[in-house]
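The next block holds one structure in the form of structure tokens; read it before the comments.
Rule-based calculations on the coordinates, nothing more; no lab input. Keep in mind that this is a model prediction, so the values were computed, not measured. All Cβ positions, even for glycine, are placed from backbone atoms using ideal geometry, and neighbour counts span all protein chains on display.
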Amino acid sequence: MKYNDNYDRNIFKRGLAFLYARVYNLFHSVKKEDIEFSDNFEKEIYLRSLKRTDINDHLLTIYRESIEIKPSLIVELGVRGGESTFVFERVAKRFNATLVSVDIENCSKISNYEKWYFVQSDDIEFAKKFKDWCKERDIKPKIDILFIDTSHLYQHTKKEIEYWFPYLSKKAKVFFHDTNINFLFKRKDGSLQNGWDNKRGVIRAIEDFCEKDFNEKVDFEDECKGFKIRHIPYCSGLTILTKKSV
Ligand SMILES: C[S@@+](CC[C@H](N)C(=O)[O-])C[C@H]1O[C@@H](n2cnc3c(N)ncnc32)[C@H](O)[C@@H]1O
């Protein structure tokens with residue numbers, strides 16, 4: 001299939017999907033689960049995840065997967081309202097790690113964690129300067145956690161892999177959000193969220209990197225190029241690459 005890297009501007013389809021999701025969700029209420037929390041941060045993240053967003057289903061997973069590797073340096077690409085930042089701030093606090101968040105928009109008020117740096121920049125331009133930026137701040141440019149949640153476009157995601165992966169540490173984990181988006185997508189609780197058709201932009205970029213095809217509509221585990229892969233299809237899709245040395 002041939003893909004075009006532009007946003008799908010089909011207003012009719014989007015409008016219909018919007019109305020359908022609103023009506024459908026009236027019949028799917030938020031249910032609290034009985035969960036044992038490993039710490040208070042985990043509990044805070046769970047409570048935050050009860051608010052339906054395009055990423056709420058993944059917040060606890062991101063926290064749990066992140067603490068496994070006891071990170072020292074976390075880089076978050078794409079901040080917006082700070083759902084993922086809320087999680088990474090807590091991961092960072094737990095290990096006294098440095099958190100660097102990047103967005104082209106001004107998101108500088110999202111966190112007040114003392115080891116948080118907000119960089120307002122295009123993420124590829126910043127990647128080109130990252131080594132010097134770290135040197136000026138006495139930070140080792142070895143990223144333990146890289147979170148990618150920006151344009152969700154194919155060519156841009158390919159560049160993010162090309163420019164940011166060289167900084168990954170030996171135990172690194174990479175999270176890609178929006179590896180399974182469309183006009184409508186489902187959450188774990190069955191509710192619907194509106195999205196857009198990114199022509200498989202993010203997952204295709206991962207496929208190119210791995211030189212493998214994936215079915216992002218289902219859960220899968222796989223491996224490629226020294227990484228273990230875990231994919232969760234719901235809530236726009238989350239794909240986690242973990243260096244195998246972990
Ligand atoms: C989906 S939102 C991020 C959501 C956020 N991770 C969360 O959990 O709330 C995508 C963000 O990426 C930013 N963005 C888009 N293209 C970018 C680029 N080339 N460089 C840096 N940030 C970019 C947008 O400004 C937007 O705030």
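General remarks:
- Ranked by how many other beta carbons lie within 10 Å on average, peptides 63-74, 124-135, 170-181 from highest: 170-181, 63-74, 124-135
- 17 Å Cα-Cα reach of LYS225 towards lysines, excluding residues that sit fewer than 8 places from it in its own chain: LYS158, LYS170, LYS171, LYS173, LYS212, LYS243, LYS244
- Length added when fully stretched, LEU26-ASP208, from 0.36 nm per residue minus Cα-Cα: 61.6 nm
- Calculated FRET value between LYS43 and PHE18, using beta carbons and R₀ = 41 Å, to 0.05: 0.80
- Helix-only arithmetic for the chain: the sum of -39500 (n - 2.57) across DSSP H runs with n ≥ 4, divided by the residue total, places the mean residue ellipticity at 222 nm at -10500 deg cm²/dmol.
- Mean Cα-pair separation over length for the chain, i.e. relative contact order, pairs under 8 Å, 6 or more apart, %: 20
- Sorting 205-216, 96-107 by their mean Cβ neighbour count within 10 Å, with the most densely packed peptide first, gives 96-107, 205-216.
- Amide H contacts under 5 Å for ILE143, placed H, 5+ residues apart: LEU168, SER169
- Debye intensity ratio in log₁₀ form over the Cα atoms of the chain, taken at each q of 0.12, 0.16 Å⁻¹: -0.69, -1.26
- Model label sites at GLN120 and ASP138, defined 7 Å from Cα along the beta-carbon direction, differ in position by 2.8 nm.
- Simple point charges give the picture: +1 on the Cβ of Lys and Arg, -1 on the Cβ of Asp and Glu, and for region 34-243 a dipole about the Cα centre of about 420 debye.
- Qualifying lysines (Cα of each under 21 Å from Cα of LYS43; at least 8 residues distant if same chain): LYS31, LYS32, LYS51, LYS70, LYS93, LYS188
- Placed amide H near CYS224: partners under 5 Å, 5+ positions off or other chain: ILE229
- In order along region 86-97, the phi-based Karplus estimate (6.51 cos²θ - 1.76 cosθ + 1.60, θ = phi - 60°) of 3J(HN,Hα) comes to 4, 6, 5, 4, 6, 4, 4, 4, 4, 10, 6, 8 Hz; Gly and Pro are listed as x.
- Global geometry of region 35-166, whether rounded, prolate or oblate, following the gyration tensor of its Cα atoms and the 1.5 cut on a/c: prolate
- Shape of region 141-238, Cα gyration tensor, a/c cut at 1.5: prolate
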